[in-house]
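Some notes on the structure that comes next.
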Amino acid sequence: MKPQPLAHWGLNTSRLVFGCMGLGGDWTNGPITKEHVHQAEQVTEAALEAGISMFDHADIYRSGKAELVFGQMLKARPSLRDNMIIQSKCGIRFADGDVPGRYDFSKQYILNSVEGILKRLGIETLDILLLHRPDPLMEPNEVAEVIESLYTSGKVKRFGVSNMSAAQIRFLQQASSQPFIVNQLEISLAHLHFLDQGVHINQEAGTSVNFADGLLEHCHTEHIQVQAWSPLAKGIFSGQPIDGASEAVRQTAALVAKLAQQKETSQEAIVLGWLMRHPSRIQPVIGTTNLQRIVACRDAERQADLMTREEWYQLYVSARGVKLP
Ligand SMILES: NC(=O)c1ccc[n+]([C@@H]2O[C@H](COP(=O)([O-])OP(=O)(O)OC[C@H]3O[C@@H](n4cnc5c(N)ncnc54)[C@H](OP(=O)(O)O)[C@@H]3O)[C@@H](O)[C@H]2O)c1
């Protein structure tokens, strides 16, 4: 079987990543509770049991509380850390006072963010740090300098980006001696521009497609791991009530249910397996905190291996809602 792009960089990871955005209670700066830590413990156990060894955070999730509850859980059960790859992100800032929400790749901001991430998680080294969203004011040399300093101080082992085009990755990479090995993007049956961009070359229909040209090809060639955020599309194809949804969504949800029944698997495994069938070896970052749904995702890798070209196209075209050109 073809290896994951991350294997190229010496990282052996699970095909699924557990997204921790749902941990830690609400998005306020309020306190965390025992219940929040207990929830983190339960979902982490369920994820590890389902074979998921990679955990995705961001400094902003639940205003830092997602990392905080995860850190408290690790403090109580430090051995869990041995079998995990922990990834987090920085670079998005919330609004404060008159200053709106914004992005910040300045040296001091990134350094402070990483200090906060390590403190909340209660760890000394972060396995992977992603730059969360492109900052229009980013200076590649400044980013390279901070990355080098985080690497040499042993605070971060690997680096990556999120929501970036091939041009933006190249722009940062040419200044940095550390490779960017991950790009996390919104990709799912509900977010198909990553495929439509490639099939609509020279087509009128392609003018409404909004996915950076050549991004998948760039990631594939450079061994950059593509990760999919919101891969379950919040459950709209796998059991979430969808009254008022488009005909394409309803038909696709019905097709997912039919395939799941035929293959004796879960609807989640079909939705994720469809993504994982793509040659980029996409890593879905699942965000469910429901223990049954975490278990339901477990069969996704097997379903990706079993999925025929015909089934894959049936799902793609159904979710597009229009025939291919
Ligand atoms: N890089 C970025 O910019 C970015 C942006 C957003 C997210 N992310 C990452 O991606 C991860 C996943 O994102 P996500 O949570 O938006 O995506 P998701 O995995 O597509 O959706 C999970 C959400 O959908 C709900 N859901 C799933 N199936 C359902 C069903 N059948 N019925 C009802 N509800 C259902 C879950 O609720 P339950 O918990 O009740 O199952 C949960 O709220 C995050 O945790 C984060 O790590 C990254």
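Checked across the range 25-44, the condition of being in contact with a strand residue (DSSP E or B) (Cβ under 7 Å, 6 or more places away or on another chain) and farther than 20 Å from K234 by Cα holds for no residue.
In the set (1) free of Cβ contacts under 8 Å to residues at least 40 places away in the same chain; (2) closer than 25 Å to G30 by Cβ; (3) open to solvent by 40 Å² or more (accessible area, probe 1.4 Å), the condition left unmet by P78 is number (2). From the list I282, I294, I270, the one residue that fits, being modelled with pLDDT of 95 or more, buried (at least 23 other Cβ atoms within 10 Å of the Cβ) and within 9 Å of the ligand (Cβ to nearest atom), is I294. The listed residues are A212, A304, A254, A260, and the only one of them that is in contact with a Gly (Cβ under 7 Å, 6 or more places away or on another chain), of a type in the set (A, V, I, L, M, F, W, C) and over 30 Å from H38 (Cβ atoms) turns out to be A304. The set of residues in the range 304-325 that are surrounded by fewer than 21 Cβ atoms within 10 Å (Cβ to Cβ) and in a helix (DSSP H, G or I) comprises D305, L306, R309, E310, E311, W312, Y313, Q314, Y316, V317, S318, R320. Among the residues examined, L111 qualifies as assigned to a helix (DSSP H, G or I) and surrounded by fewer than 21 Cβ atoms within 10 Å (Cβ to Cβ). Inspect the range 85-104 for any residue being of a type in the set (A, V, I, L, M) and within 26 Å of N12 (Cα to Cα) and give the result as yes or no. Within the range 85-104, one or more residues are of a type in the set (A, V, I, L, M) and within 26 Å of N12 (Cα to Cα).
Where in the range 176-263 are there helices (runs of 4 or more DSSP H), lying fully within it, with 3 or more residues that are more than 16 Å from the ligand (Cβ to nearest atom), open to solvent by 20 Å² or more (accessible area, probe 1.4 Å) and within 15 Å of M164 (Cα to Cα)?
215-221
The number of residues in the range 279-303 being in contact (Cβ under 8 Å) with a residue 12 or more places away in the chain and either of a type in the set (S, T, Y) or outside any helix (DSSP H, G or I) (or both) comes to 13. Looking only at residues of the range 8-38 that are among the small types (G, A, S) and more than 16 Å from the ligand (Cβ to nearest atom), we find that the one that is least open to solvent (accessible area, probe 1.4 Å) is G30. Pairs are defined by a Cβ separation below 6 Å, a sequence spacing of at least 6 or placement on different chains, a first member in the range 91-108 that is aromatic (F, W, Y) and in a loop (DSSP other than H, G, I, E, B), and a second member that is open to solvent by less than 70 Å² (accessible area, probe 1.4 Å) and modelled with pLDDT of 95 or more; the pairs so defined are F94/G101; F105/G91; F105/D135; F105/M138; F105/V143. Taking the listed residues L111, L121, L131, L126, the one that is within 22 Å of A46 (Cβ to Cβ) and among the aliphatic types (A, V, I, L, M) is L121, with no other qualifying.
The set of residues from the range 126-154 being open to solvent by 60 Å² or more (accessible area, probe 1.4 Å), of a type outside the set (A, V, I, L, M) and in contact with a strand residue (DSSP E or B) (Cβ under 9 Å, 6 or more places away or on another chain) comprises R133, P136, Y151. Among the residues making up the range 39-64, those that are open to solvent by less than 30 Å² (accessible area, probe 1.4 Å), within 20 Å of R133 (Cα to Cα) and not in a loop (DSSP other than H, G, I, E, B) are F55, D56, Y61, G64.
Look at the range 1-29: where a residue is farther than 25 Å from I270 by Cα and a partner is among the basic types (K, R) and within 13 Å of the ligand (Cβ to nearest atom), sitting 6+ places away or on another chain with Cβ atoms under 6 Å, you get G24/R62; W27/R62.
The values are calculated or read from the model by the stated rules, or taken from the named source; none is laboratory data. Quick caveat: nothing in here was measured; it's all calculated off a predicted structure. Positions of Cβ are generated from backbone atoms using ideal geometry, with glycine treated the same way; all protein chains shown enter the neighbour counts. The area values use the complete protein model at the heavy-atom level, side chains included, leaving out ligands, DNA and RNA. Shrake-Rupley method; radii C 1.70, N 1.55, O 1.52, S 1.80 Å.
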